[in-house]
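Everything below concerns the one structure shown next.
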């Protein structure tokens, strides 16, 4: 699948160690905004932390096939998407993502999620895809809605974000539902 050109402007590429500086700079530029929804910003303080993250994702990819991609708009890294978990026994996966503030609202993340869902069902032979999103993160909630996911449940206090807990909506797409166009 990788690299995978989604449109003439958007490409997914497996994150590699040579992307460390670009990813750290992108993270740093979006730090305050991302901190509203992602718990790892305070532990990503240097390019070394980002390099360790990339190496961990490559190790996970080698062991399980769960990959983490950079999202490129033309030649600029603008976000990250990947399978946070891949459970082959139960044929399920969980997708996580984030996007640079300047690139939001353009359909980029919806297209990237669609590509991962299509890959999960057609190439990985998965049955269930989950996207967990903080209930108050309305922009991120819209993505699984657009892709036909079903809001299956709400997990109360599912994640600790620094000084508070947030609830998560569990959005699920099953392969038969995707094939039926629901």
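The values are calculated or read from the model by the stated rules, or taken from the named source; none is laboratory data. Since the structure is predicted, the reported quantities are computational estimates derived from the model, not experimental observations. Don't worry about glycine lacking a Cβ; one is built from the backbone with ideal geometry, like all the others, and counts go over all protein chains shown.
All but one of (1) more than 17 Å from residue 98 (Cβ to Cβ); (2) at pLDDT 95 or above hold for residue 142; which doesn't?
(1)
Within segment 39-59, count every residue that is over 14 Å from residue 24 (Cα atoms) and at pLDDT 95 or above. Full working, then the answer.
Restricting attention to segment 39-59, the residues satisfying the condition of being over 14 Å from residue 24 (Cα atoms) are 39, 56-59.
After this cut, where a residue has to be at pLDDT 95 or above as well, the list is 56-59.
Going through segment 39-59 one residue at a time, the tally reaches 4.
If I filter segment 93-113 for residues that are crowded, with 20+ Cβ neighbours inside 10 Å, within 18 Å of residue 124 (Cα to Cα) and touching a residue at least 40 places away in the same chain (Cβ under 8 Å), do I get at least one hit?
yes
Filter segment 84-135 for residues that are in a loop (DSSP other than H, G, I, E, B) and touching a strand residue (DSSP E or B) at 6+ places or on another chain (Cβ under 7 Å); which is nearest to residue 69 (Cα to Cα)?
Here is the first cut: in segment 84-135, the residues in a loop (DSSP other than H, G, I, E, B) are 88-91, 100, 104-107, 123-127, 135.
Retained after the next criterion (residues that are touching a strand residue (DSSP E or B) at 6+ places or on another chain (Cβ under 7 Å)): 91, 100, 126-127, 135.
On the way: 91: 21, 100: 14, 126: 19, 127: 21, 135: 25 Å.
My answer is 100.
Mind checking whether some residue in segment 92-106 is modelled with pLDDT of 95 or more and farther than 25 Å from residue 144 by Cα?
no
Confirm whether residue 126 is more than 14 Å from the chain's Cα centre (by Cα), more than 22 Å from residue 35 (Cα to Cα) and crowded, with 21+ Cβ neighbours inside 10 Å. Full working, then the answer.
Numbers: more than 14 Å from the chain's Cα centre (by Cα): yes; more than 22 Å from residue 35 (Cα to Cα): yes; crowded, with 21+ Cβ neighbours inside 10 Å: yes.
The answer is yes for residue 126.
Identify all residues within segment 136-171 that are surrounded by fewer than 18 Cβ atoms within 10 Å (Cβ to Cβ), part of a strand (DSSP E or B) and touching a helix residue (DSSP H, G or I) at 6+ places or on another chain (Cβ under 9 Å); write none if there are none.
Answer for segment 136-171, where residues must be surrounded by fewer than 18 Cβ atoms within 10 Å (Cβ to Cβ), part of a strand (DSSP E or B) and touching a helix residue (DSSP H, G or I) at 6+ places or on another chain (Cβ under 9 Å): 150, 151.
Please find, within segment 24-81, the residue that is nearest to the chain's Cα centre (by Cα) out of those that are under 14 Å from residue 12 (Cα atoms) and in contact (Cβ under 8 Å) with a residue 60 or more places away in the chain. Steps first, answer last, please.
Just the residues of segment 24-81 that are under 14 Å from residue 12 (Cα atoms), to begin with: 67-81.
So of that shortlist, the ones also in contact (Cβ under 8 Å) with a residue 60 or more places away in the chain come out as 67, 69, 71-74, 80-81.
On the way: 67: 10, 69: 8, 71: 10, 72: 14, 73: 16, 74: 19, 80: 6, 81: 3 Å.
For segment 24-81, the residue satisfying everything is 81.
Scan segment 117-135 and tell me whether some residue there is in contact (Cβ under 8 Å) with a residue 24 or more places away in the chain and over 29 Å from residue 16 (Cα atoms). Break it down into steps so the answer makes sense when it comes.
Initially, segment 117-135 is screened for residues in contact (Cβ under 8 Å) with a residue 24 or more places away in the chain, giving 117, 119-121, 123-135.
Now narrow it down to the ones that are over 29 Å from residue 16 (Cα atoms): 135.
Scanning segment 117-135 turns up at least one residue that is in contact (Cβ under 8 Å) with a residue 24 or more places away in the chain and over 29 Å from residue 16 (Cα atoms).
So which of 63, 35, 55, 31 ends up being surrounded by fewer than 16 Cβ atoms within 10 Å (Cβ to Cβ), touching a helix residue (DSSP H, G or I) at 6+ places or on another chain (Cβ under 8 Å) and under 29 Å from residue 126 (Cβ atoms)? Please lay out each step first, then the result.
Details: 63 fails: touching a helix residue (DSSP H, G or I) at 6+ places or on another chain (Cβ under 8 Å); 35 fails: under 29 Å from residue 126 (Cβ atoms); 31 fails: under 29 Å from residue 126 (Cβ atoms).
So the residue among 63, 35, 55, 31 that is surrounded by fewer than 16 Cβ atoms within 10 Å (Cβ to Cβ), touching a helix residue (DSSP H, G or I) at 6+ places or on another chain (Cβ under 8 Å) and under 29 Å from residue 126 (Cβ atoms) is 55.
Which numbered condition in (1) outside any helix (DSSP H, G or I); (2) surrounded by fewer than 15 Cβ atoms within 10 Å (Cβ to Cβ) is the only one that residue 177 fails?
(1) is the only condition that residue 177 fails.
Output the number of the condition that residue 21 fails; it satisfies all remaining conditions of (1) farther than 30 Å from residue 169 by Cβ; (2) outside any helix (DSSP H, G or I); (3) at pLDDT 95 or above.
(2)
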